[in-house]
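To start, the structure under review is shown below, and the notes come after it.
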Amino acid sequence: MRIGEGEFLEELSVLDYLRLKLKRENWGKEILPTGEIVPHDPAATDDSAGETVPPLARFGAWVDRNFDWRPETAYPLERWSFFLAVALAFMAQLLLEPEITGPFRNGALAAILYGLASISLILGAFLLALHERSLRSFRSLRSLVAEEADMLDETSAGIVSSDDPEVPSASEGAAARDDDPDRELCGSVPWLRSALAFAVTALAFVLFGSNRFNFLNVSVWIGAVLVSLAAFFGAPDWKRFAAGARSFLGRLNPLRLTIEPWTIACLFVFAVSGWFRFYQLSTVPTDMFSDHAEKLYDVMDVLNGQNAIFFIRNTGREAFQFYWTALMIRLFGTGVSFLSLKIGTAIAGMTVLPFVYLLGKRLSGRWVGLIAMLICGVGYWPNVLSRVALRFAFYPMFAAPVIYFLFDGLESRRKWPFALGGLLMGVGLQGYSAYRIVPFLVLVLFAIALIRDRAGARVETLRRIGLFFWFALLGALPLANIAMTSPELVWYRAFSRLDPTFSPESASAALVFTSNLWKAAIMPFWSNGRIWVHSIPYRPAFDLITAAFYFIGLGALTIRAVRKREFEVIALLISIPILLLPSALSIAFPDENPSLNRTGAAVIPMTIAAAVGLFEFGLRLIRATRSRPVRMAAALAVCFLLLVGIANANRALVFTSWQRIYTNNAWNTKQIGAALRGFDGSIGDQANAFVIPYPHWVDTRLVGITGGFPERDFALPRERIGTVGGGDRPLLFVIKDDDTESEALIRTQYPEVTTRRIPGTAPGKDFKLMLVP
């Protein structure tokens, strides 16, 4: 590379690169690591005229290079039918938006418009099919004429026809290669190592019978996983591993590291999603409720060395969140607090996004993956599940990678995606009870794969099923022991919703289930339920733009599944109703359905479908304006504004609407805890501060947690008011503002008391501080 007079280097330094890049004559040119300066792309100049191509023409060339122009986007009738469907879907969803229509939502008219949108999509697909059929007929006729001409030429020249049985065709050779067995999967598993894996797994299962994690059973559990890996994969190739590590570290060399524009786009979307998940995390939402107290008491058990496998407090809970939160406390030093819970679930929500991108990319290309990651990242539904800081976020956290690795394994025929996916599914079963539907989903997807496979390949698919579920058993081994030895602990909550005898409702279970499933299916358009904790009651689960494009994407994917019978498209569509089942199966308490928490993993295929709808619309819009760069730029601006609109609508839903509703319904335990902390740090001692319980008021355990005294419950029953005090330190009583009986009793027992009314953080949240000097 020439830097100066006759000076050459083998590789550029960062300083040399900047010196070259800053020269005006090198602007817009590529500088290679060797120092060679690559001139402008010939496509960017007009050689015949010697003039630079206008920027809009270069922009059009960029669009041509970066979009997959599928044939259907070029057919005008199909395109306009698609645009009509999008317009009808938007008009329908406008009638269902509470922020627009208020309480006067017109479901009947919206259903008619959505029906017309469906007809428009189907009509467009039908017209396209007729168009493609006529094109195929024309091409077949043309190719037949050409073949006859070629045969005449070859016969006269004495050339052997490709139809000769001694000359195999290219298609026959490809078919023969497809029938070759996959050596990685078809190899037999060594029986000795298999027996050892089974023995170690059985030993680990027995050792988990104490419902406690300890060094011995965890070590044997890890050993069972390692021995199983050796049984299925053989001994590790350390040389290959070392070579791969060196190659990876070499790519991290700053001088060789190249970040492409697409990588920057993905990082930008991920960063925007991170802002939505972590912005104002300490204050949105502000206060906890009783479920958080139960969780934090279990976390304190973990921190105090009580390492349970299944926590029996509050009718029983899986263990993952408590150990995960304990890890957050150790890493970030946030203590036993609401913020520690929220950091853990926010990180859990972020881990979903890469797999949403990968699934969307597998289904319809990288643009769909990027759009799906953005919708899932900024969406009100997944954002609320992350911020409410309960176990809900662990449902999609583990479902997304399981679905992705299952798809990858079925396509690539490699073993490791099945092992990793199975292991993650097993661990996920220890996260949230709604996740128990995922094994059923996996079985359904395997069944579809078996139907798709040829007879000779089904044996291999059955082997993959065995591999997947063996590692799933390994991942769920601790919980599996408790489920077998104490099923009433593990299954009580699930059966209390499924069994109609738990409820006085007399309706048929089948009718209730059908109604529940329908309500869950229309949740993105109509109502996400009535629970203020994790939703804005009775509004759609999606914003206006996402809901409309979800409907369009669902229709487009359905048409694609019917026409092309693609496994991954069919699997994605089937996964939606299955992942809704944990909510729909609330037979005993149908008022709890639909709910965003029990349907949390359904946000994965739903956002991908919405991304498909938006991308298909954008693709057709740009194709329609492609011949005129100015109009095409306007079309891209429309697509960009739609994405901005999605982000802005969900920002308002989370940080304004949901925050307001949550604050109005949750008791202000943080405010009361701050008052107790101020008393302890000034004139008194927290041991002399008490909260008098009142029906349907604050959880007194949360007052201690928010006040910085997590192990103390500040409750003092009304009948014990006169039993405290007598020392030289002042007393502080906290009572509800309308608790006149407790106030009168305190005044009787402590005549010198002074009272101060504290305005609450929301109407109806006032409380009184009664100080006894």
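Key figures
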item	result
Separation of the THR351 and SER657 label points, Cα + 7 Å toward Cβ, nm	3.0
Amide H contacts under 5 Å for LEU731, placed H, 5+ residues apart	VAL772
Neighbour net charge for LEU445 - beta-carbon separation under 12 angstrom, K R +1, D E -1	+1
Whether the range 520-638 is rounded, prolate or oblate, judged on the alpha carbon gyration tensor where a/c under 1.5 counts as rounded	oblate
Sequence-distant residues sharing a close amide H with ALA308 (under 5 Å, placed H)	PHE213
Residue-count net charge about GLU568 - beta-carbon cut-off 12 Å; Lys, Arg +1, Asp, Glu -1	+3
Extended-chain gain in nm, criterion 0.36 nm per residue less alpha-carbon gap, ARG757 and SER682	25.1 nm
The range 669-772 shape via C-alpha gyration tensor axes, a/c threshold 1.5	rounded
Cα-projected label distance for VAL724 with SER134, points at 7 Å along beta-carbon direction, nm	8.6
Distance between the range 739-773 and the range 660-677 - C-alpha centres, whole angstrom	17
Å² per residue, accessible surface of the range 377-517 at 1.4 Å	37
Residue-span extension gain [GLU260 to ARG747] - 0.36 nm each, minus C-alpha spacing	168.1 nm
Cα gyration tensor, the range 450-600 - rounded (a/c under 1.5), prolate or oblate	oblate
For peptides 590-598, 208-216, sequence by mean Cβ density within 10 Å, most packed first	590-598, 208-216
Integer Hz, Karplus 6.51/-1.76/1.60 couplings in order for the range 269-286, x for Gly and Pro	4, 5, 5, 4, 4, x, 4, 5, 7, 10, 5, 6, 5, 6, 10, 10, x, 8
Whole-Å distance, taken between Cα centres, linking the range 420-483 and the range 207-239	19
Separation in nanometres of the label points that stand 7 Å from Cα toward Cβ, at ALA195 and SER219	2.5
Whole-Hz ³J(HN,Hα) from phi, Karplus 6.51 cos²θ - 1.76 cosθ + 1.60, for the range 388-402, glycine and proline x	6, 6, 9, 6, 4, 5, 7, 5, x, 4, 9, 5, 4, x, 4
Residue-span extension gain [PHE248 to ASP499] - 0.36 nm each, minus C-alpha spacing	85.0 nm
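The values are calculated or read from the model by the stated rules, or taken from the named source; none is laboratory data. Quick caveat: nothing in here was measured; it's all calculated off a predicted structure. Methodologically, a virtual Cβ is constructed for each residue, glycine included, from the backbone with ideal geometry; neighbour enumeration extends over all protein chains shown. With ligands, DNA and RNA removed, areas are computed over all heavy atoms of the protein, side chains included. Shrake-Rupley method; radii C 1.70, N 1.55, O 1.52, S 1.80 Å.
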